[in-house]
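Enquirer: The following block contains the structure, expressed as structure tokens.
The values are calculated or read from the model by the stated rules, or taken from the named source; none is laboratory data. These figures come from a predicted structure and were not determined experimentally. Don't worry about glycine lacking a Cβ; one is built from the backbone with ideal geometry, like all the others, and counts go over all protein chains shown.
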Amino acid sequence: MTDLSSDLVDDFVDWYLNANPIYASLAGAPGYDRTLGDFTEAGILAREGESRRWLERLQAVKGGEFQDEVDRELITSTLRGSLAYEAWPVWRRDPSFYVGPVFSSFFSPFLNRLAPEEELVEAAVARLAEVPAVLAACRANLDSGLAADLLVERGLGQARTGRRFLTETVPGLVADERLRARLAEAAEPAAAAFDELVGFLDGFEAAGTWRMGEELYSTLLREREMLGYGAAELRERGLAAYDELDAEMREVARRLPGGSDDWHAAIAALQDDHAPTLEDMRAEYEAETERARRFVRERDLVTFAEGEECRVVPSPEFQRPILSVASYLSPPPLSTSRTGHFFVPFTPDSFTDEQVRQRLRTNARAQMPSIAVHEAYPGHHWHLSWVADSTRRARKLFRTPYFTEGWALYVEKVMREEGYFATPAQELAHLEFRIFRAARIIVDTSLHCGDMSIEEAEEFMTTKSSLTPGTAKGEVNRYCAWPTQAPSYLTGALEIDRIRDDYMAAGRGDLRAFHDALAGSGGLPLGLARRVALEG
């Protein structure tokens, strides 16, 4: 064995950025914005081989400073997780592996605007020339024996937005008329490649499954998330949390005017009070986000990153067919920007008036405080703008949803403790979001371990939480395509609760010090986050 040094970690980060230029560019690293990278089978297999060699090299070192060791463990857990997927090759199963990065590579640069507009356009033109090759790799690599109809349909829904996205949406982000015309012209071959992909996927016969299986699911929990338990125990934890929250919600529901312990009926009634239009919903979220920011500052719950800003904007068009809830895009962590974007869940243009109404109902006014806290202050935006000030590149780049989503749900509870949810209706909505996350644990593990059908999962999410049938359908579709992610919210929140209890019992600092230290350490696997909080 050799001794660990920060140079080895930096060498890995440099390799990773070179191997993943879209991710490098989105992270704000200079010099990666003119290529999409190699999506061919040979390129993907070569990266897997290099990842395996890096894992062996990093596992062979010892010693070093505490923070260097934390970086090493973060990277090795990330590599173990990605290599576990060799048994479940997403690049052979899911068109979104190709389509999603293409969309984000064109949308995010114009959203973040880290360079002058002319440079952004020239970089986009260079990338547009590579789109046909990426989509050709999608057609070549998809395996009909592995791909599942559900995943192909998701990818097809995204691909159908490709032409309009490249020829209208992205050029529409350019102010200069000459540059806008240049970009639209350069987009035509890429748009034609999307048309070809739509035709290919529309006729693609998929015979595979989207179910991951308990063995790989448990491996990811243990190896990537460092949780120390597998899918079966996770499901039991979800069931226990659900029962506990159900009892608490019955008590809160009785405090509503004319209340009873039927919290399902209470939530359904609360959802009738919503913004009249999608744009009104966005404006109300913007006001709630500012209220949350003021409250967090007044209560001195965290230290704010200098220059941070959270913009509340409609979700991008390419995201709308596959994501039915609010989301967040962080500041590019390797840049000087501290501006993040809270995406309000607009609907696809094809939605009926009733479908739009149902989306508005699942973003009711009583629910907005919890969602704004989760996405913005002191949830994702505060956390990720704060992490962006870290001096350690590995912490900026590699994170697990079990920490980041766990953090955002944990701080919802903190805000309840501090009195932010001012009415029983807001408090009930907050608890409903927690029980919804408990239901997610149960459903996600059950789906991928073969214990629940899609129809049973949709029914579970509509009867055990307050989701409308349409939103439940979109949610379950997401769980099928993104195994292990849905349980991350409540699992992470409960683990962070335990870390906080031990931190306070050890007298290591006050609540603000805990928040700054734990969240500032990055988005670490939770076992590693515990070590940083209690030993660092």
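Enquirer: If I filter the range 177-207 down to residues being surrounded by fewer than 13 Cβ atoms within 10 Å (Cβ to Cβ) and aliphatic (A, V, I, L, M), which single residue comes out as farthest from residue 144 (Cα to Cα)?
Expert: The qualifying residue farthest from residue 144 (Cα to Cα) is 181.
Enquirer: Could I ask something else about it? Only residues in the range 254-275 that are under 16 Å from residue 369 (Cβ atoms) count as the first member; pair them with residues that are basic (Lys, Arg), Cβ under 9 angstrom, at least 6 apart or cross-chain, and list the lot.
Expert: Qualifying pairs under 9 Å: 270/365; 271/361; 273/365; 274/357; 274/361; 274/365; 275/282; 275/365.
Enquirer: Would you check if there is a residue in the range 401-409 being over 22 Å from the mean Cα position of the chain (by Cα) and either closer than 22 Å to residue 383 by Cβ or in contact (Cβ under 8 Å) with a residue 24 or more places away in the chain (or both)?
Expert: No.
Enquirer: Another question about this same structure. So is residue 448 more than 20 Å from residue 218 (Cα to Cα) and either crowded, with 20+ Cβ neighbours inside 10 Å or touching a Gly at 6+ places or on another chain (Cβ under 8 Å) (or both) or not? First the steps, then the outcome.
Expert: Numbers: more than 20 Å from residue 218 (Cα to Cα): no; either crowded, with 20+ Cβ neighbours inside 10 Å or touching a Gly at 6+ places or on another chain (Cβ under 8 Å) (or both): yes.
No.
Table: residues versus (1) surrounded by fewer than 18 Cβ atoms within 10 Å (Cβ to Cβ); (2) in the same structural domain as residue 44 (by TED's automatic domain parsing).
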| site | (1), (2) |
| --- | --- |
| 84 | yes, no |
| 93 | no, yes |
| 103 | no, yes |
| 109 | no, yes |
| 119 | yes, yes |
| 123 | no, yes |
| 126 | yes, yes |
| 129 | yes, yes |
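Enquirer: Identify all residues within the range 220-231 that are out of contact with any Leu (no Cβ under 7 Å at 6 or more places or on another chain) and surrounded by fewer than 20 Cβ atoms within 10 Å (Cβ to Cβ); write none if there are none.
Expert: Within the range 220-231, 222, 223, 228 qualify.
Enquirer: Any chance the range 25-40 includes a residue that's within 29 Å of residue 208 (Cβ to Cβ) and without any contact (Cβ under 8 Å) to a residue 60 or more places away in the chain?
Expert: Yes: the range 25-40 contains one or more residues that are within 29 Å of residue 208 (Cβ to Cβ) and without any contact (Cβ under 8 Å) to a residue 60 or more places away in the chain.
Enquirer: If you take the residues of the range 271-283 that are in contact with a helix residue (DSSP H, G or I) (Cβ under 9 Å, 6 or more places away or on another chain) and of a type in the set (Asp, Glu), which of them is surrounded by the fewest Cβ atoms within 10 Å (Cβ to Cβ)?
Expert: 272
Enquirer: Report the residue count in the range 317-333 for those that are within 23 Å of residue 29 (Cα to Cα) and out of contact with any strand residue (DSSP E or B) (no Cβ under 6 Å at 6 or more places or on another chain).
Expert: 2
Enquirer: Could you tell me whether any residue of the range 290-313 is at pLDDT 95 or above and under 23 Å from residue 157 (Cβ atoms)? I'd like the intermediate steps shown before the answer.
Expert: Residues of the range 290-313 that are at pLDDT 95 or above, as a first pass: 290-313.
Subset that is under 23 Å from residue 157 (Cβ atoms): 313.
Yes: one or more hits.
Enquirer: Turning to a different aspect of this structure: For the range 421-470, which positions are hydroxyl-bearing (Ser, Thr, Tyr) and in a helix (DSSP H, G or I)?
Expert: Scanning the range 421-470 gives 445, 446, 462, 463.
Enquirer: Go through the range 372-400 residue by residue and tally those that are touching a residue at least 12 places away in the same chain (Cβ under 8 Å) and not in a helix (DSSP H, G or I).
Expert: Here the count works out to 11.
Enquirer: Kindly provide the set of residues from the range 474-510 that are under 15 Å from the mean Cα position of the chain (by Cα) and small (Gly, Ala, Ser), ordered by number.
Expert: Answer for the range 474-510, where residues must be under 15 Å from the mean Cα position of the chain (by Cα) and small (Gly, Ala, Ser): 481, 486, 488, 492.
Enquirer: Would you call residue 109 over 30 Å from residue 530 (Cβ atoms) and either out of contact with any Gly (no Cβ under 6 Å at 6 or more places or on another chain) or of a type in the set (S, T, N, Q) (or both)?
Expert: In short, yes.
Enquirer: Is there any pair linking a residue in the range 135-164 that is of a type in the set (Asp, Glu) to one that is surrounded by 19 or more Cβ atoms within 10 Å (Cβ to Cβ) and not in a helix (DSSP H, G or I), with Cβ under 6 Å and at least six apart or on different chains, and which?
Expert: Short answer, once both residue conditions are applied: 149/206.
Enquirer: Now, a different point. Considering only the range 57-75, I want to know if a residue exists there that is without any contact (Cβ under 8 Å) to a residue 40 or more places away in the chain and of a type outside the set (Lys, Arg).
Expert: Checked against the condition, which is being without any contact (Cβ under 8 Å) to a residue 40 or more places away in the chain and of a type outside the set (Lys, Arg), the range 57-75 yields at least one hit.
Per-residue answers, yes or no, for (1) out of contact with any Asp or Glu (no Cβ under 6 Å at 6 or more places or on another chain); (2) closer than 26 Å to residue 93 by Cα; (3) assigned by TED's automatic domain parsing to the domain that holds residue 100:
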{"residue": "159", "(1), (2), (3)": "yes, yes, yes"}
{"residue": "166", "(1), (2), (3)": "yes, yes, yes"}
{"residue": "172", "(1), (2), (3)": "yes, no, yes"}
{"residue": "182", "(1), (2), (3)": "yes, no, yes"}
{"residue": "209", "(1), (2), (3)": "yes, yes, no"}
{"residue": "236", "(1), (2), (3)": "yes, no, no"}
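Enquirer: May I ask you to say which residue of 372, 394, 425, 408 is surrounded by 19 or more Cβ atoms within 10 Å (Cβ to Cβ) and in contact with a His (Cβ under 6 Å, 6 or more places away or on another chain)?
Expert: Only one candidate passes the filter, namely 408.
Enquirer: I need a count of the residues in the range 50-70 that are at pLDDT 95 or above and of a type in the set (Asp, Glu).
Expert: The qualifying residues number 2.
Enquirer: Additional query: Going through the range 336-378 one residue at a time, which ones are among the aliphatic types (A, V, I, L, M), in contact with a helix residue (DSSP H, G or I) (Cβ under 6 Å, 6 or more places away or on another chain) and farther than 21 Å from residue 424 by Cα?
Expert: 344, 376
Enquirer: Right, here's the next one. Quick check on the range 327-346. Is at least one of its residues surrounded by fewer than 18 Cβ atoms within 10 Å (Cβ to Cβ), out of contact with any Phe, Trp or Tyr (no Cβ under 8 Å at 6 or more places or on another chain) and over 30 Å from residue 393 (Cα atoms)?
Expert: no
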